[in-house]
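The values are calculated or read from the model by the stated rules, or taken from the named source; none is laboratory data. In this text, all values refer to a predicted model and were calculated from it rather than measured experimentally. Backbone-built Cβ (ideal geometry, glycine too); neighbour counts: all protein chains shown. Just so you know, the surface numbers come from the protein's heavy atoms only, side chains and all, with ligands and any DNA or RNA stripped out. Shrake-Rupley method; radii C 1.70, N 1.55, O 1.52, S 1.80 Å.
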Amino acid sequence: ATHVVRLSLSLPISKAEFNLEKQAKFKEAIARAAGASPADVAIDNIEALSAGRRRLLASGVRIDVSVKAKDKAAADAMGAGLTAGNINSQLSKVSLCNLRAFVRLYPNLPASGISSLTVQMLIAVTNE
């Protein structure tokens, strides 16, 4: 059974700006932080976040990502690498902006083997 580590991140760029080139760089950064191959990183959803205040700066995108792991140990190791600081340092290497917020949804595997996701952490990373 494949294990999957899921993340939900938000970046302070618009959905239009988050084009295929940036998506590829983003996957590369997530893969490096997770110690995985970019081929194992999937962008599941990209959602525009509307600005509550009418400042353009406040807009951004929420990106749901999943990273495939071969087993639970690999998933745990990936989860350990996917910290906000780690992801940010990889994002800066591929010249993408830092995270605005970050949630790790971690597969919590009960004995039955069905994974129920629990929110492991929610960190607001940048204060604009």
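Scan S115, S89 and give me the residue that is modelled with pLDDT of 85 or more and of a type in the set (S, T, N, Q).
Details: S115 fails: modelled with pLDDT of 85 or more.
So the residue among S115, S89 that is modelled with pLDDT of 85 or more and of a type in the set (S, T, N, Q) is S89.
Within the stretch 58-97, how many residues are open to solvent by 50 Å² or more (accessible area, probe 1.4 Å), outside any helix (DSSP H, G or I), free of Cβ contacts under 8 Å to residues at least 60 places away in the same chain and not β-branched (V, I, T)?
1
Counting just the residues of the stretch 1-52 that are in a helix (DSSP H, G or I) and of a type in the set (G, A, S), which one comes out surrounded by the most Cβ atoms within 10 Å (Cβ to Cβ)?
First, the residues of the stretch 1-52 that are in a helix (DSSP H, G or I): 20-34, 38-40.
Checking which are of a type in the set (G, A, S) leaves us with 24, 29, 31, 33-34, 39.
Values: A24: 13, A29: 23, A31: 19, A33: 23, A34: 27, A39: 9.
Within the stretch 1-52, the match that is surrounded by the most Cβ atoms within 10 Å (Cβ to Cβ) is A34.
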